[in-house]
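Quick notes on the structure that follows.
The values are calculated or read from the model by the stated rules, or taken from the named source; none is laboratory data. In this text the structure is predicted, and so the values were computed from the model without any measurement. FYI the Cβ positions are ideal-geometry reconstructions off the backbone, even for glycines, and counts take in every protein chain you see. SASA here: full protein model, heavy atoms, side chains in, ligands and nucleic acids out. Shrake-Rupley method; radii C 1.70, N 1.55, O 1.52, S 1.80 Å.
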Amino acid sequence: MKRPMRREAVLTAAILLLILAAAVVLDAALPRYHIVIKVIKKGAVYALVAVSMNLLNGFTGLFSLGQAGFMLLGAYSYAILCIPVAKRMGVYQYFQGGIMRFSLPELCSGVFGEAAGTVVGMLLALLAGGLLAGFVAYLIGLPVLRLRSDYLAIATLGFAEIVRTFIQWNALGPLTNGSNLLKSYPDLPGAASYLLLIGVFIGVIVLITSSTYGRAFKAIRDDEVAAEAMGINLAHHKRLAFVISSFFAGVGGGMLAMYMGTVQALSFKSTMTYEILLIVVIGGIGSITGSVATSFFYIAGLEWLLRGLDSGKFLGIKAPGVFKNGFRMAVVSTIIMVVVLFFRRGIMGDRELTDLLRRKNRRRKEESEHG
Amino acid sequence: MAEPVLHIENLTMQFGGVMAVNDLSMDIYPGEIVALIGPNGAGKTPAFNCVTGVYEPTNGKVEFLGAVIAESHPRGRMKKLYAGEHRGLYTRRVVYPPDAITKLGIARTFQNIRLFKSMSVFENVLTAMHLRRTSNLFTAAFRLNRREEAAQRARALELLQIVGLDEWKDEPAAALPYGKQRRLEIARALATEPRLLLLDEPAAGMNPQETMELTAFIRQIRAQFDLTVFLIEHHMNLVMDISDRIYVIDFGRQIAAGVPAVIQNDPRVIDAYLGGG
């Protein structure tokens, strides 16, 4: 009983390491702005945010649409804490350089040395963004988590819109730069570092979902009445799931800011939440593997493979009359509809990579027994 | 006699103008199996729900092991509407949510089976041990609670062996046949380490053979887990066979109480069940 489980874990770890190694090779072989590197980076960020949403919507059964709001908080925290002091004057040109007089990477450089300090500072800024998002989630969770299903979705959606408007408020300008861009903050070097970092964060989520708390979350999803009768405190556990999910959405938002190079509240619209919800549903509600894989496919398709559909040439076919602006989205939507029709429970259902490996092993064993 | 495990006093549950439970008083003593019976709509399940914290009683008091777990008096619009007795007798308000009551040591099963459907049989039992955890989110996520987790897993397996479901432990709970799902529900309730077990129509939908097995099973777990059992049931065979004492209610009101032999011949009970004039 114990052995095969360990075997699957080893296989899974090997697959993940192989992907990481591939990313290292790609980093070395391709220029920094190559589309493949960008797809991996953005795919990784979306994977984290999708998994964080899955934790709430898939594992705990709370239908929340506040993801973009929490990402926004994380993104702004990261940007504000990381813009080098020397560049603040230029970024906050309408607010006399803003009120922040320090930059975390620079502070940490003083302690840990230039290279290590910058990275430590960036990580601290990401975590700070996550903590802020988690804290805000705790506060709004107090009233909002009493709501059920659709009503919770509407309330969280409203919250996200409020955050977006609030951040652009001119009175907050010295901190958030109002409705202007934040830029000039540092980015992580290559695709491999993104994968590594996101891998660690998703790893933590996996550990949580497979712990006794994860089981309590699933119990709430399956049957609230029974969960409560089994002694699971509904309010406490829902709040916990909401805060954890928002924390990682905040971290993911910080990394999205990192990836984009500039951040503006305007881009964190509810469309972004729907995009992520789409990834979660297509990947399989309750499957972390599904969310991760779908994130990469979705980003690769949208940003890279299907680009030609918008610009006149696709798969060597030149048809400027058909392949023009907007056609790509029509194709993507069709693909999504087909996937939903054929995979009613998402591509992965609620299975994980380890389940797939186990199934294959079992089948092989049965075959060898019969043969 | 010893102190009662469960003491229900003048319990009244009124919904709008309907008296679901009307002035119910009963005591259940350690180690007893007590049944609450009555025709359809007599108010058995509302009484259960008042004990388990699903409803707040309109009036009356419930004590478990000497501590008040529910007490209330007519409030809000019930002040006007209340049609029961003992108005003004209870002045405090004590409300525990269902999870807190389970933690105190009252576990229950449901009339319409409510298992965690996406989980395996084993996980269903394991999940019910969450409430006795000593770990927090951090220690649980980073596996610093390994000893507790291992102990829980061992205990869950042991429970499944006791109820005879260990063979099915990796099956999805929803895939079990009906009778076994009922057993699993009981195993899951036992995993919360209760002193008092509430069974809501445990024999509903069972054939005579299964009902007989269930009778033996309830006796077995009572002895093995040092339990007190309080059950609601329609199946007269089961009730007469298993109960130490029986309370009968009709239209929310207690009409008889006593040992099975007495209840069986009580004209009021026969009336209530056969609808005589």
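Quick look at the values:
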| read-out | value |
| --- | --- |
| Residues satisfying the stated conditions in region A:289-334, i.e. assigned to a loop (DSSP other than H, G, I, E, B) and closer than 30 Å to A:L197 by Cα | A:L306, A:R307 |
| Meets criteria (closer than 30 Å to B:F116 by Cα and not in a helix (DSSP H, G or I)) for A:R215 | no |
| Residues of region A:110-123 satisfying the condition of being surrounded by fewer than 17 Cβ atoms within 10 Å (Cβ to Cβ) and aliphatic (A, V, I, L, M) | A:V111, A:A115, A:A116 |
| Out of B:G76, B:G84, sole residue that is part of a loop (DSSP other than H, G, I, E, B), in contact with a strand residue (DSSP E or B) (Cβ under 8 Å, 6 or more places away or on another chain) and outside the structural domain of B:A151 (by TED's automatic domain parsing) | B:G84 |
| Test: residue in region A:201-209 that is in contact (Cβ under 8 Å) with a residue 40 or more places away in the chain, more than 7 Å from every other protein chain (Cβ to nearest Cβ) and of a type in the set (S, T, Y) | yes |
| Criterion: surrounded by 14 or more Cβ atoms within 10 Å (Cβ to Cβ), more than 17 Å from B:A42 (Cβ to Cβ) and out of contact with any helix residue (DSSP H, G or I) (no Cβ under 8 Å at 6 or more places or on another chain) - qualifying residue of B:M212, B:M240 | B:M212 |
| Restricting region A:156-177 to residues that are closer than 18 Å to A:I276 by Cβ and in contact (Cβ under 8 Å) with a residue 12 or more places away in the chain, the residue that is surrounded by the most Cβ atoms within 10 Å (Cβ to Cβ) | A:T156 |
| Region B:103-132, subset under 21 Å from A:T209 (Cβ atoms) and of a type in the set (F, W, Y), residue farthest from the other protein chains (Cβ to nearest Cβ) | B:F122 |
| Given (1) modelled with pLDDT of 85 or more; (2) open to solvent by less than 60 Å² (accessible area, probe 1.4 Å); (3) in contact with a Gly (Cβ under 9 Å, 6 or more places away or on another chain), index of the condition A:I335 fails | (2) |
| Strands (runs of 3 or more DSSP E) within region B:16-69 that include 2 or more residues open to solvent by 20 Å² or more (accessible area, probe 1.4 Å) and out of contact with any Ser or Thr (no Cβ under 7 Å at 6 or more places or on another chain) | B:18-28, B:59-64 |
| Residues located in region A:234-276, provided they are facing chain B (nearest Cβ under 9 Å) and under 27 Å from A:L123 (Cα atoms) | A:L240, A:I244 |
| Identity of the residue in region A:52-106, among the small types (G, A, S) and touching a strand residue (DSSP E or B) at 6+ places or on another chain (Cβ under 8 Å), that ends up surrounded by the fewest Cβ atoms within 10 Å (Cβ to Cβ) | A:A79 |
| First in region B:84-109 and of a type in the set (A, V, I, L, M, F, W, C), second anywhere and surrounded by fewer than 16 Cβ atoms within 10 Å (Cβ to Cβ), Cβ under 9 Å, 6 or more apart | B:V94/B:V68; B:L104/B:A67 |
| Residues of region B:155-170 that turn out to be more than 13 Å from every other protein chain (Cβ to nearest Cβ) and free of Cβ contacts under 8 Å to residues at least 12 places away in the same chain, as a count | 3 |
| Which numbered condition B:N124 fails, given (1) touching an Asp or Glu at 6+ places or on another chain (Cβ under 8 Å); (2) in contact (Cβ under 8 Å) with a residue 60 or more places away in the chain; (3) crowded, with 20+ Cβ neighbours inside 10 Å; (4) not small (G, A, S) | (1) |
| Scan of region B:139-154 for residues that are hydrophobic (A, V, I, L, M, F, W, C) and more than 10 Å from every other protein chain (Cβ to nearest Cβ), ordered by number | B:L144, B:A150, B:A151, B:A154 |
| Conditions (1) under 24 Å from B:L159 (Cα atoms); (2) free of Cβ contacts under 8 Å to residues at least 24 places away in the same chain; (3) not basic (K, R); number of the one not met by B:L231 | (2) |
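Let's see how each residue does on (1) modelled with pLDDT of 95 or more; (2) over 25 Å from A:L73 (Cα atoms); (3) within 14 Å of chain B (Cβ to nearest Cβ):
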residue	(1), (2), (3)
A:L157	no, no, no
A:L172	no, no, no
A:P186	no, no, no
A:E224	no, yes, yes
A:I232	yes, yes, yes
